[in-house]
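Single-structure report; data block below.
The values are calculated or read from the model by the stated rules, or taken from the named source; none is laboratory data. Not measured: the values here are computed from a predicted model. All Cβ positions, even for glycine, are placed from backbone atoms using ideal geometry, and neighbour counts span all protein chains on display. Heavy atoms of the whole protein, side chains included, go into the accessibility calculation; ligands, DNA and RNA do not. Shrake-Rupley method; radii C 1.70, N 1.55, O 1.52, S 1.80 Å.
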Amino acid sequence: YHDIEKQVFNGSYQTQKILEFIDNQGNKGWVKNLIYPLLDNNKDIIGLFGIAYNVTESIKTQETLHISQKKLLAANQKNDQILNSVGEGIYGLDINGFTTFANPAAEKMLGYSLEEMQNITQHELIHHSRADGSIYRREECNIYKTFKTGLIERVSDEVFWKKDGSSFP
């Protein structure tokens with residue numbers, strides 16, 4: 001406590017510090033100490049006022065969150081490596097049908113960059129017409145139906161349209 005008391009005597013109005021402690025059972029914990037000066041009418045320090053908060057649970061929660069964030073980042077990096085290395089085109093859509101990610105193979109197959117795919121719904125961009133060129137309404141689209149029902153849909157006779165105007169099954 002001497003260090004934080006010294007800061008108050010050197011002019012700090014409020015000083016705080018989190019200190020680690022070991023309790024009687026040998027468990028590690030943390031306490032947040034706040035120290036304020038008590039002043040007389042001449043603004044001279046006549047004493048100190050301190051408050052100590054046990055912040056052990058908060059610190060443990062922060063540590064758990066930090067560990068979880070590191071694990072999530074590692075998993076995301078692994079997923080990125082997998083998505084970027086496969087030869088199949090893979091893209092993801094949000095509930096409104098906008099592209100949230102696309103791997104390099106998908107970009108190459110479709111001729112669009114991820115940035116281009118994010119600005120318009122997937123249906124309007126690459127799934128707007130049937131193989132014969134007739135309009136394929138979004139409400140009839142099995143991908144769109146999956147968003148609405150949550151059920152798996154399977155098709156074998158649809159095409160995707162590339163940026164150059166050609167299509168592939």
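Ignoring chymotrypsin sites (Phe, Trp or Tyr not before Pro) that are buried or in helix or strand per DSSP, and keeping those with at most 15 other beta carbon atoms within 10 Å, what is the longest stretch of the chain between them? For chymotrypsin sites (Phe, Trp or Tyr not before Pro) (loop position, at most 15 other Cβ atoms within 10 Å), the longest site-free span of the chain is 14-169. Scalar couplings 3J(HN,Hα) for region 95-111, obtained by applying the Karplus form with A = 6.51, B = -1.76, C = 1.60 to θ = phi - 60°, are 5, 8, x, 8, 5, 9, 7, 8, 7, x, 5, 5, 4, 5, 5, 8, x Hz; x denotes Gly and Pro. Estimated at the nearest 10 Å², the accessible area of R130 is 90 Å² with a 1.4 Å probe. A 1.4 Å probe over all protein chains sorts H2, H123, H128, H66 by accessible area into H2, H66, H128, H123, starting with the largest. For I18, the accessible area of its heavy atoms, probed at 1.4 Å with every protein chain present, is near 90 square angstrom. Its Cα centre serving as origin, region 37-160 has a Cβ charge dipole (Lys and Arg +1, Asp and Glu -1) of approximately 280 debye.
Once Rh for region 48-99 is found with the Kirkwood sum over Cα pairs, what is the Stokes-Einstein diffusion coefficient at 10 °C and 1.306 mPa s, in µm²/s? Result for D is 105 µm²/s. Along the axis of the charge dipole computed for the chain (Cβ charges of +1 for Lys and Arg, -1 for Asp and Glu, origin at the Cα centre), the listed residues L34, S85, Y144 are led at the positive end by L34. Inter-label distance, K60 to E139: 5.6 nm, where each label sits 7 Å from its Cα along the C-beta direction. Among the listed pairs K78/K148; K78/K145; K17/K43; K6/K32, give every one whose C-alpha distance is greater than 26 Å. Over 26 Å Cα-Cα: K78/K148; K78/K145. Between the helical axis of 56-85 and the longest alpha-carbon principal axis of the chain there is an angle of about 30 degrees.
Restriction of the trypsin sites (Lys or Arg not before Pro) in region 1-57 to DSSP coil positions whose beta-carbon has at most 10 other beta-carbons within 10 angstrom yields K43.
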